[in-house]
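Worksheet: one structure, shown below.
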Amino acid sequence: MQIIANGILAQGERGTARAILTVAQVVALQNGTLLAIYRSGSSKDSDDERIQFLRSDNGGASWSGAWQPFGPTALNAKLGTVKICYLTELSPGRLLAAAMWVDRTTYPGQPLFNAETEGCLPMEILLAESGDKGRTWSEWRHIPMPEEIGPASLTNPVLKLPDGSLAMSIESNKHYEDSSRWYQKVFYFHSTDQGESWGEPAVAGYDPTGRIFNWDLRACVAPDGRIATFAWTYDTQTAAYLNIQRRISADGGRSWSAPEDIGITDQSGPPAVLADGRVVLAWVDRFGSHSIRARVAAGIDAAFDPASEVVIYTHGAEAKRDDNTGDLLAEMGEWSYGLPSATALPDGDVLVVYYAGDNGAMDIRWARLRP
């Protein structure tokens, strides 16, 4: 695989509400338009965070100016912010936005994660639709979650399955002041009516001992309809990240294979699936090579070929391993690069977007890969 071009998609502006840009995604619409979406704010966790869009009608050669379709959002009379937003094209020109909303009212001024309890601020899942390729959007619609999930995390775009149904992965969290032991779980929810309603949750990742956490479950759908997930795997006993774990589902996310160590360390990004079934996975190796890398596999259940590996970005060492989970959760707010996301382009190339910079300004950067 080769890197044929790279650059900056959106630049952080120091000392402003657009200083820190993170959580980027590019979606390739069926008409050839590319939409980029990312989170901006004065810090990585701030009351002024917003979701911004960019558009390209020439395959990414140039991009529009940024626009902001969603403002501060109130839910149940509480003001909050949209921290994460992912897009899925349901049909030509019709988009579904799935978002993670953070309550900024109940614990005013407090950070997202509570280092003492390992809990997090109240979070909810919202959906909105666009019928004009992302130019205008409906009002947000709240998706209630079962009580056992607690504050709900969203870490992947909603998946569109071959039978027309949708699958959404949700991760559980502890409430902010809950100091009990955390038994983290990942669930899949399914919709057969284009997101209007969602069925009962199916477990997609869980260690009943509470030792192993499956964080930031990234997913993709193969041409044959199978789903693969790639988990950022954390061992609470050793306070260390393990290699990325892959699971495969042949029934739309209702049941899963046993986790498989793919031999790649740290945190995966959402992978890209090419028309021939090959998978391009970008990931962050934060504690080893301090870099963002990518490899190709022949299919969702195949090995990622080390010979195909490219280094997309290299950063100096900035993070240390903490001796407890609470400190580690808090430390994530200081990391200044990561969260790669891969998108298959119509011409067969793959576009990877990620954030990088320093604690004063972080940009959204891109690399165009040719498998």
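Points worth noting:
- Compared with the alpha-carbon gap, the fully stretched path from A239 to A61 is longer by 59.8 nm at 0.36 nm per residue.
- Normalised by the number of residues in the chain, the average gap of Cα pairs under 8 Å and 6 or more apart makes the relative contact order 16 percent.
- Cβ charges +1 (Lys, Arg) and -1 (Asp, Glu), total dipole of the stretch 213-276, debye: 160
- Unit charges on C-beta of K, R, D, E only; dipole of the chain, Debye: 780
- From phi via Karplus (6.51, -1.76, 1.60), per-residue ³J(HN,Hα) for the stretch 3-15 in Hz, x at Gly/Pro: 8, 9, 6, 7, x, 10, 7, 9, 9, x, 10, 3, x
- Percentage relative contact order, the stretch 146-276, counting C-alpha pairs under 8 Å, at least six apart: 18
- The stretch 1-73 and the stretch 192-233 have Cα centres separated by 26 Å.
- The chain: most fluctuating residue of P151, P306, P108 per GNM, C-alpha cutoff 10 Å: P108
- Candidates D216, D301, D207: whichever shows maximal mean-square fluctuation once the chain is modelled as a Gaussian network with Cα springs under 10 Å: D207
- From phi via Karplus (6.51, -1.76, 1.60), per-residue ³J(HN,Hα) for the stretch 219-228 in Hz, x at Gly/Pro: 8, 8, 10, 7, x, 8, x, 6, 10, 10
- Selected from S180, L242, V26, residue furthest toward positive end of dipole (the stretch 2-370; charges at beta carbon): V26
- Build a GNM of the chain with springs between Cα atoms under 10 Å apart, and of A77, A250, A239 the one that fluctuates most is A77.
- Residue-count net charge about G80 - beta-carbon cut-off 13 Å; Lys, Arg +1, Asp, Glu -1: -2
- For the stretch 50-136, averaging the sequence separation of C-alpha pairs within contact (under 8 Å, six or more residues apart) and dividing by the residue count gives a relative contact order of 24 percent.
- Most positive-pole-ward Cα, P306, S46, T81, against dipole of the chain from beta carbon charges: P306
- Coupling constants for the stretch 32-37 follow from the phi torsions by the Karplus curve (6.51 cos²θ - 1.76 cosθ + 1.60, θ = phi - 60°), and in residue order they are x, 5, 10, 10, 10, 9 Hz; glycine and proline get x.
- Non-local Lys pairs in the stretch 43-187, i.e. 8 or more apart or on different chains, that have alpha carbons under 23 Å apart: 11
- Projecting the Cα atoms of W215, I125, A66 onto the charge dipole of the stretch 2-370 (Cβ charges, centred on the Cα centre) puts A66 farthest toward the positive pole.
- Note that the chain carries a Kirkwood radius of 20.5 Å, evaluated over its alpha carbons pair by pair.
- Expected 222 nm ellipticity per residue - DSSP helices of 4 or more, -39500 (n - 2.57), all of the chain, to 500: -500 deg cm²/dmol
Just so you know, all these numbers are worked out from the coordinates, no wet-lab data involved. Computed from a prediction, not measured in an experiment: that's the story for all the values here. Virtual Cβ from ideal backbone geometry, glycine too; neighbours counted across all protein chains shown.
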